[in-house]
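The next block holds one structure in the form of structure tokens; read it before the comments.
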């Protein structure tokens with residue numbers, strides 16, 4: 001079947017994004033996760049994709065173990081990955097020390113459902129990297145980044161971005177509270193970080209209440 005007319009620009013922009021942004025993003029996020037994860041942690045990476053970020057985390061922190069789950073199968077993965085239905089985690093309660101969401105929850109229609117599942121299977125923490133819908137033209141900037149980074153992989157794009165107060169309300173509702181909150185991640189080099197970084201990203205280490 002021939003590619004659609006808009007497939008070429010999506011692919012071309014995505015490849016350029018991969019060369020200029022993705023490698024730095026992987027290293028920066030892996031460094032933050034490695035810094036925040038507790039010693040000897042058993043980690044569940046939800047929506048892990050090919051597991052590259054978690055593999056880099058494990059290289060930096062050989063004391064931890066990471067299992068991935070996702071809804072889209074990949075031909076090759078860097079960590080063990082099981083498929084799940086996008087709602088129910090295929091593990092018993094208290095199976096892991098930490099549940100990790102790395103830019104996953106804004107791809108769901110109702111993040112509270114997955115946050116509740118994360119609290120169920122975790123004994124200690126939920127670690128989240130996601131977005132705040134804050135600042136000038138925040139929704140437009142986030143939609144652009146999401147499309148460039150994910151459209152070519154067939155990832156669902158509901159563009160469900162929350163403001164900071166929505167995140168805090170959801171965490172409280174499911175029984176989680178922030179122990180550490182990072183808002184300056186250094187994901188992009190300057191000056192692009194002023195446009196695509198400022199006020200749009202956070203990492204939260206949440207403790208079970």
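The values are calculated or read from the model by the stated rules, or taken from the named source; none is laboratory data. What you see is a predicted model, and the numbers here were worked out from it, not measured in a lab. As a convention, Cβ positions derive from the backbone with ideal geometry for all residues, glycine included, and neighbour counts pool all protein chains shown.
Some points to look at:
- Pairs are defined by a Cβ separation below 8 Å, a sequence spacing of at least 6 or placement on different chains, a first member in the range 170-197 that is under 20 Å from residue 114 (Cβ atoms), and a second member that is assigned to a loop (DSSP other than H, G, I, E, B) and at pLDDT 70 or above; the pairs so defined are 175/209; 176/209; 177/209.
- In the range 122-148, residue nearest to residue 200 (Cα to Cα) [restricted to those that are at pLDDT 95 or above and surrounded by fewer than 21 Cβ atoms within 10 Å (Cβ to Cβ)]: 130
For every residue, the table says whether it meets (1) more than 20 Å from residue 156 (Cα to Cα); (2) in a strand (DSSP E or B); (3) without any contact (Cβ under 8 Å) to a residue 24 or more places away in the chain.
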site	(1), (2), (3)
69	no, yes, no
72	no, no, no
91	yes, no, no
97	yes, yes, no
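- Restricting attention to the range 80-92, the residues that are farther than 23 Å from residue 106 by Cα and surrounded by 12 or more Cβ atoms within 10 Å (Cβ to Cβ) add up to 1.
- Residues considered: 115, 127. Of these, the only one that is part of a strand (DSSP E or B) and in contact (Cβ under 8 Å) with a residue 12 or more places away in the chain is 127.
- Those helices (runs of 4 or more DSSP H) of the range 1-66 in which at least 1 residues are modelled with pLDDT of 50 or more, touching a helix residue (DSSP H, G or I) at 6+ places or on another chain (Cβ under 7 Å) and surrounded by 14 or more Cβ atoms within 10 Å (Cβ to Cβ), considering only elements entirely within it, cover 23-36, 52-60.
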